Amino acid sequence: MNRPATETWQPDRGNRLLALIFMTLGVTLASMTSLWLPSIAPNVAADLGIDASLIGYQVLAVYLGAMTTSLMAGGFTSRWGPWRTCQVSLAMFVLAISMIISGHLVLIALGSFTVGLGYGLANPPAASILTRIATPQNQALIFSIRFTGVPLGGVIAGLAGPQLALTYGWQASLAMPLGLIAISGLLMQPLRARWDQKRQADAPIWRPPLTDVRLAFQYPTVKWLCFTGLFLAAVQLSLTSFTVTVLVEDIGHDLVTAGIALSCIQVAGVVGRVTWGWLADRSQSPLAVMAVITAVIAVGALVLTQLSAAWPLLAIYAVYFALGFTGMSWNGVCFSELVNHGPTDRASNITGAALFVTFSGVILGPAAFALLVQITGDYTSTYFMTAGLAVLAGGTLWLAGRGKRPAAAQQLDRP
């Protein structure tokens, strides 16, 4: 695991727990903010007089922003420290919501891009902190616990957003994420000094944009895991984007039934992240665990190509739960391994580079799925692509295993 050889301050159990809580809270708020507008899209569209389908462009703006700052996050973390960079991420969300809440279309677009800027800054500094509180025996679990915040944020946005928008209006509904984010940023402040002791005040923030990507690609395992993340990110976002449409448009179920299936995916994602992280640590074979994940995704997706109205609801929910348990749950194990096989004390840089590649999958995946729908004329056929992406992820995992550093070499990076 990549840590500096010496530390001026060593966190005790209480500080490690607080750090994990705040890092998980941060990604939960990031996920909630990025998904709040999509969760209330019909209300926003009706108020602005636009087509609700345009929400796809809002999602695109978010991830373009995230790709932008993920490449700069390493510089921010070195200059300001990881804790302050996490606070800056929250501040970007506050700024973004303030623009979106105006109700002006241009400011909503700019605000959505700004949400992405904050999202891109959320994960790399957190990785730097997590490597300091984790041990070789629990690193994958620690990363996975933190990543449970992504589906949790989605659940909060999906449950609270529409209800608040219907009751108080879509703009007023944004007061909830705005308040939670502002309070969280302030609560983090007392801990800032101790976690940012090793920041470098003269470290450059602005660097050639692909510096961290070139750094990551110097390490074969890291490089191939970046592409694993790209393929699995495409699977993940497509699961959340197309499940309801598949069940309503192709199979003929109502929105309630389709919503339950989507809930199965999200709940399974939370359970799966912790389970796979624990198993990766216990087995000490994270890449093998990820190979199992990709295999289950491929099989589950092929099963769903045969989905029809004759299927019992319990069978539908079970298959979607299995896909959520795998396709939504790979993140913690993957990013733990990325950090583990990168250069010493560069966790934020490696994570930022990996996220840049991963977010490419988030953007390209749904576009490829939509193109396939146009070609074939039905949504169920997209599960062939899901299976194919899982196979490609398995292939890059095999390549990552071939480039894996010997255990003795990894031990040299540990204090």
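The values are calculated or read from the model by the stated rules, or taken from the named source; none is laboratory data. All of these numbers come straight from a predicted model, not from anything done at the bench. Here the Cβ positions follow ideal geometry from the backbone for every residue, glycine too, while neighbour counts run over all protein chains shown.
The table below lists the values:
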{"read-out": "Any hit, region 265-277, residues being under 25 Å from Gly352 (Cβ atoms) and among the basic types (Lys, Arg)", "value": "yes"}
{"read-out": "Test set (1) outside any helix (DSSP H, G or I); (2) within 22 Å of Ile108 (Cα to Cα); (3) aliphatic (A, V, I, L, M) - Ala165 fails condition number", "value": "(1)"}
{"read-out": "Which numbered condition Ile183 misses (of (1) without any contact (Cβ under 8 Å) to a residue 60 or more places away in the chain; (2) farther than 30 Å from Ile350 by Cβ; (3) in contact with a Ser or Thr (Cβ under 8 Å, 6 or more places away or on another chain))", "value": "(3)"}
{"read-out": "Extreme residue, modelled with the highest pLDDT, among residues of region 235-268 that are of a type in the set (S, T, N, Q) and under 20 Å from Val150 (Cβ atoms)", "value": "Gln236"}
{"read-out": "Matching entry among Ile142, Ile129 (being farther than 19 Å from Val88 by Cα and either outside the structural domain of Gly324 (by TED's automatic domain parsing) or buried (at least 24 other Cβ atoms within 10 Å of the Cβ) (or both))", "value": "Ile142"}
{"read-out": "Residues (part of a helix (DSSP H, G or I) and either in contact with a Gly (Cβ under 8 Å, 6 or more places away or on another chain) or surrounded by fewer than 16 Cβ atoms within 10 Å (Cβ to Cβ) (or both)) located in region 281-291", "value": "Arg282, Ser283, Leu287, Ala288, Ala291"}
{"read-out": "Qualifying residue in region 38-53 (condition: under 21 Å from Pro204 (Cβ atoms) and touching a residue at least 12 places away in the same chain (Cβ under 8 Å))", "value": "no"}
{"read-out": "Verdict on Thr148 being more than 25 Å from Phe359 (Cβ to Cβ) and assigned by TED's automatic domain parsing to the domain that holds Gln58", "value": "no"}
{"read-out": "Unmet requirement for Thr305, which otherwise passes all of (1) loosely packed, with under 15 Cβ neighbours inside 10 Å; (2) without any contact (Cβ under 8 Å) to a residue 24 or more places away in the chain", "value": "(2)"}
{"read-out": "So Ser329, is it under 27 Å from Leu159 (Cα atoms), in contact (Cβ under 8 Å) with a residue 12 or more places away in the chain and in contact with a Pro (Cβ under 7 Å, 6 or more places away or on another chain)", "value": "no"}
{"read-out": "Residue check for Gly269: of a type outside the set (A, V, I, L, M), within 21 Å of the chain's Cα centre (by Cα), under 20 Å from Leu237 (Cβ atoms) and part of a helix (DSSP H, G or I)", "value": "yes"}
{"read-out": "Members of region 101-120 found to be touching a helix residue (DSSP H, G or I) at 6+ places or on another chain (Cβ under 6 Å), assigned to a helix (DSSP H, G or I) and among the β-branched types (Val, Ile, Thr), listed by number", "value": "Ile108, Thr114, Val115"}
{"read-out": "Long-range neighbours under 7 Å by Cβ, at least six apart or interchain, first residue under 18 Å from Gly81 (Cβ atoms) and in the same structural domain as Met328 (by TED's automatic domain parsing) within region 344-367, second modelled with pLDDT of 85 or more and of a type in the set (S, T, N, Q)", "value": "Ala347/Ser128; Ala347/Thr131; Ser348/Thr77; Ser348/Ser128; Thr351/Asn123; Gly352/Ser70"}
{"read-out": "Some residue of region 297-316 being touching a helix residue (DSSP H, G or I) at 6+ places or on another chain (Cβ under 7 Å), assigned to a helix (DSSP H, G or I) and among the hydroxyl-bearing types (Ser, Thr, Tyr)", "value": "no"}
{"read-out": "Residues of region 251-262 that turn out to be surrounded by fewer than 18 Cβ atoms within 10 Å (Cβ to Cβ), touching a residue at least 24 places away in the same chain (Cβ under 8 Å) and in a helix (DSSP H, G or I), as a count", "value": "2"}
